[in-house]
Structures are given as structure tokens and as C-alpha cells.
Amino acid sequence: MILLSVTLEKCSGCAIMKNGKIIYSSSEERFSRIKADSSFPKKSILNGLKISKISPEKIDKVLISGFELSLYAPLFNLYSKLSVEDQIKLMKEYWEPKLLHNKNISFEYVMRKKIEKNKFPFKTKHASVFEILTSKYKFDKFKKDNKKPFQSPKDVNKVSIFYKKVISDFLKIDSKKIIHIDHHTCHAAYALFASPIRDKKTLVVTADAWGDSLSGSISLYSKKLNRITRIKKYSHKDFQLGRIYRFTTIFLRMLGDSHEYKVMGLAPYYNGPKTDEVKKIFSLMQKFENGKFIFNKKIKNIFYFLEKNLSDYRFDHIASGLQKFTEELLDKWFKFILKKYKVNSVVYSGGTSMNVKANMVISKISKIKKIFICGSGTDDTLPIGACYHYASLNQLSTSPLENMYLGDNSNYLRHDLKIFKNCKIKKIQSKRDILNSLMKNKIIAVCRGRAEMGQRALGNRSILADPRDEETVKKINEAIKQRDFWMPFAPIILDKYQNLLIKNPKKIKSPFMTFAFETTPFGKRNIPAAIHKSDKTARAQILEYHQNPELWELIYLFFKKTGVPALLNTSFNLHGYPIVNSVKDAKGVFKSSELQSLWLEDHIIEKND
């Protein structure tokens, strides 16, 4: 059985499953080079079929992740083309008058300068079902109080018909092969089937801001039936943690749906009395009591509430209070459901699962014996979950994800290296060639093998460095990444020697950097460049040999030389751009930054002095 699955909104992309195994998955941003691109995933689909050597007629089913799809994301590229100023404008000109004053404001009018209706598939014949896409009038002529909004709940069916026709025409397949899979069902299936946990009674938890009118769910896995059964769902109107975190990010003048991780990284820098004051303000909005999430119905507009109640607090007070509120709310929720359903094995996905500091708190709950969180639990991985779910329904045996190296290949020929003009090109004889560069305190970019799926670089599209020197942080930030000064880097740690650096009494597997860990005294002293400056935690990628033998061997050589079984790791990209995909992309970042060394499959490229 061959399945192709797509996600068509935030960070659009696809996945391909063949006979129960995920053989490809990538996001459109890797090909378009537009961060969090919401465009139709045309390039990622074509690349996936090419790499997998599958012709469209061999596809048994095409799965669309989600039912309640909107055209707003791709039409306005809401997650890619909006600035913080644009998001503030939406808060002020659309949501505030709509939610607080019941005014009939047109979203299309407010966002009229952002429309991209001339791109695929909006110029196809299938767009005729949407008046606004075929209108002869200029978009900016639409009235501010337009009473016929382009995207209403009634349009969901139109969107489904539109996308089915587009996909059918694009792949030249029968539209009857195309079906939808519920959003949180995708998250749940990914959480369970992509993980190594298959215990008799495993709790499957999902949480995010919104997906098919839900923001969370609880399911139980039956080993006997090899199936997940949902036992609880949470309306997005009741459980609004993801939305609160997003709006606070915008309130702090950072980019919502993108920079929430920056707020999490900022939080530990303050730990004074203002933290609890701010936490109490957040608690006025959202509570968890008697097994239920309760949102304060008097609050019609979260952003307006934040402006009214947090304007007198400093940015770090707010970040700290928000993170503590988040951790305590999730801790209370997980403790309740673990006790109620009498389980001790947990898997967890959805956008909220990207908060590694909250994940650390959850992992410490005494009731939990096993916990696993798959990589990039955001909407990027919905297509993977859709494939797993459909396979489960059809009694198809599936394989967990051993790694996230599911994207494009970095294949190149010796002839292709001519693009690296005025550089030294050296054939790698052994890993010691790369080790020698590390020992000279050089920062090494990596573009080898298949690209990682999702938002984390895991050694194939990474920047690696010696974690012992704190000056490395400043060097990478100033010369390459232009990251905010407070943001930490992360270590890749060899699994067999993790106890030297981090505290992990439950032996939690973290191959995809989904947990933060407290560090040992040895870790604090010896990998200062790869841990958080304030609380000394590490967002560790705990690497097992079979997951990436080449990388494991390099780190082992470094360990034998230095006594430190880890390297500093960060994604190979310039700030605000997607992680590199191809050798050509790697060359672009290499040339436009102060990177000194680039590790390809069999060659190391170095700039002339």
C-alpha cells in the first residue's frame, strides 16, 4: 500500500508511506526557501515521488490532514509574509472591533495588500468556486464592512472540493482516492505510531492552539487491536493555552506562530516575585479544575486582555510568568489524566509539545514510567500521522520512526563542487579530518545525507562546534546566525555517555531534541556553550549509533580526545530562513556568512584564509 499525505496550511508539506513505513516527508519551505511557507506543497510532493521512485498512478490513497481547511493561510501566506507589525495590525483593526464591539469587519479588506492569488493553485480552473479568486475587481476595492466574508464555515466544503480537484488534476489520479483525516487524529497517530512505545495501555495526548475546532485530545492505545481510541476531546473555546502563548508572543513584539520558542528561552532569565504576579494574571484567563479546562468567558479578546493587564510589567517578567503558568497548568492536567486512566506510559504531540521546558516538568511526574515525544509535533508532521492512522485502520503493520532524516538528498558529483570557487576542496580520508577542524575551534556546517523533517537540525543539516568554549556562542551568533543573545544552543550527546552531562534517571529517549534536561556539575563545566546560560538546562539530542553512525563516530573521536561526549549543534541556516536543503543552499549560506568549514558527504570545503 502506498499513501501520500499532505498538509495545506501552516508549513505545508507531505509524507509518503510504503507498506507501513514512512519513506519520505518534507515541508514546502525547504524548496521555496520561504520560512513556514503555506503554499500548495507542489515541490515537496514532486521531490518525494522522485526520491521514492513512485509514479502517481501507484498511489492507493491521498490523505488531506484536517477537515476544516481555510484558504487564508496559503492565499495570504499568513505564517510567512506577515511581520510583527502586520500581526499587531490584525489585532487592532480586525480582532478588536470584531470581538469587543461586534463590528462586521472584513478580514480580506484588512489584509488586502498581502493577497497572493496569482500563484498555484489559485489561477487554475478549479478556483472558479470562489468568487473572490475570479473577481474582475481589484482586491483593495472590497469594502471594510464586507458582509460576505470570503472564508466562512459554509466554505469548508468548497475548500475540500477545490483541493480534491487540484490534487486530482496535479497527480492525474481519481478524486475518489482523496480523503480527509481529522487534525487531532493525525497528531495522535503520529505521537503513538512514530514512537518506540507500544505498551498495552498507552496514553496518547495532543495539545495545540486549534485544529478542526479542537485544541486537545486524549486517546488510549490498544495493543491487542493495534489501534488508538479517542476518549476525550477539548474544544478550542475551553482549552486556550496555545492561543494564550501565541498572543503573548505578539504582545512582546515577537512573531506569533514562530517565535514562541524565544519566549520560552527568555523565561529563565528572571525568577523573582514578578513571576508569580504575572502567572496569576494568566490564571485569570485559563484554569484546569475537576478534569476540565475552563476559559474565562468574560474575556472576549485575549490580546486586549494582555494589553490591559500586562503593560506595567517588564518583558522578562512576562516571559517568566507565562512559562511558569504553562508548566503548572500542563503538570496539573497530566497528573489528573494519568491518575484517572491508570496509565504510566505516555506519548504526546501537537504544537504545545514543542515546549521542551514544560516537557521536562511533565517527564518528572512520578506516575510516568515511560514517555516519548516525537520530533516536530507541530503541523509539519500531520501528514506522517495521517499515514499512520490510515494504515492502522486497514490493519497494516507499521514501523516507528528510527530517525527524522526523511527529506531531500544532498547527492552531488565531484563536478558539482565547482560552485565553491576560491575554496579548498579536500576529499575526506577519515573522520579525523573533521575532528582536526573542530580541535582548531573551527565551526563546521554540515550538508550530507537526507535532510531532517521538521524544525530541528539533527546532524545532517547542522552547524557543529566545540561545546567547551563559551566564546563559540558569540562567534556563531555574530558571524552566522544573528540570533537573539539570550537564546541557547543545544548539545548532541552520545547515549552511552549521557550520564556524564545530563540527569536522566528515567532513561528517557530524546533523539529529536524534545526534552530539556538538568545538567550535571561536569556538564555545566564542560559544555557551557551548548546549555542555557541562566538555568543550565540542555535541550539534548541523545544520539544512538544506529540513528546516525557517521555523526556518532565523529563525536566519539571528540570524546576520546577531550573527555566530552558531545558537540554543540544548531540548525544550518541564516536567521529567518529555512534550514538548508541542497548543496546549492548550503553554498549560499556558506558564502554569505563567516562559516569556515563545510562538511559534505565525502568532502570538506574550507574558505581560503
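Values quoted throughout were computed directly from the atomic coordinates according to the rules given, and no laboratory measurement underlies them. Since the model is a prediction, treat every value here as computed from it, not as a measurement. With ideal geometry, Cβ positions are generated from the backbone for all residues, glycine too; neighbour counts draw on all protein chains shown.
Per-structure values
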| read-out | value |
| --- | --- |
| For the stretch 145-269, with +1 on Lys and Arg beta carbons and -1 on Asp and Glu, the positive-most of His184, Ser215, Gln240 along the dipole | His184 |
| Sequence-distant aspartates and glutamates (8 or more away, or on other chains) whose Cα lies within less than 15 Å of Lys475 | Asp466, Asp484, Glu594 |
| Prolate/oblate/rounded call for the stretch 402-484, Cα gyration tensor, a/c under 1.5 rounded | oblate |
| For Cys186, Cys374, order by how many other beta-carbon atoms lie within 10 Å, fewest first | Cys374, Cys186 |
| Positive-pole candidate from Leu464, Gln482, Leu438, dipole of the stretch 399-511, charges at beta carbon | Leu438 |
| Sorted by Cβ neighbour density within 10 Å, fewest at the top, the residues Val263, Val361 | Val361, Val263 |
| Virtual spin-label span in nm between Lys524 and Asn309, 7 Å along Cα→Cβ | 3.5 |
| Length released on extending from Lys223 to Asp433, taking residue separation times 0.36 nm less the Cα-Cα span | 70.8 nm |
| Cross-link partners of Lys427 among aspartates and glutamates (Cα-Cα below 20 Å; sequence separation of 8 or more within a chain) | Asp416, Glu550, Glu553, Glu601, Asp602, Glu606, Asp609 |
| The chain, dipole about Cα centre (Lys/Arg Cβ +1, Asp/Glu Cβ -1), debye to the nearest 20 | 920 |
| Helix-only mean residue ellipticity at 222 nm for the chain, each DSSP H run of n ≥ 4 adding -39500 (n - 2.57), per residue, nearest 500 | -9500 deg cm²/dmol |
| Greater than 20 Å apart at Cα, pairs in Lys123/Lys172; Lys89/Lys237; Lys43/Lys172 | Lys89/Lys237 |
| Span-like helix ranges in the chain, DSSP H, alpha carbon extent 27 angstrom or more, Kyte mean at least -1.0 | 315-341 |
| Virtual spin-label span in nm between Lys607 and Asp174, 7 Å along Cα→Cβ | 5.7 |
| Relative contact order, percent, the chain [alpha-carbon distance under 8 Å, six or more residues apart] | 15 |
| Dipole of the chain, positive end: most advanced residue of Pro383, Ser32, Pro578 [Cβ charges, Cα centre] | Pro383 |
| Extended-chain gain in nm, criterion 0.36 nm per residue less alpha-carbon gap, Lys114 and Gln395 | 96.7 nm |
| Aspartates and glutamates with Cα under 17 Å of Lys297, excluding same-chain neighbours fewer than 8 positions away | Glu96, Asp238, Glu289 |
| Highest average packing first - 247-260, 379-392, Cβ atoms within 10 Å | 379-392, 247-260 |
| Residue order, fewest to most surrounding Cβ atoms within 10 angstrom, among Met17, Met354 | Met354, Met17 |
| C-alpha center-to-center spacing [the stretch 7-26, the stretch 555-573] in angstrom | 31 |
| Linear extension gain, Ser283 paired with Lys339, 0.36 nm per residue minus alpha-carbon span | 17.8 nm |
| Correct choice for Cα Rg over 2.2 N^0.38 Å that was computed from the model, options [x] 0.99; [y] 0.95; [z] 1.14 | [y] |
| Counting DSSP beta bridges with both ends in the chain, the antiparallel % (nearest 5) | 70 |
| Entries in Lys274/Lys533; Lys442/Lys536; Lys117/Lys176; Lys81/Lys279 that, when Cα-Cα distance is taken, lie over 29 Å | Lys81/Lys279 |
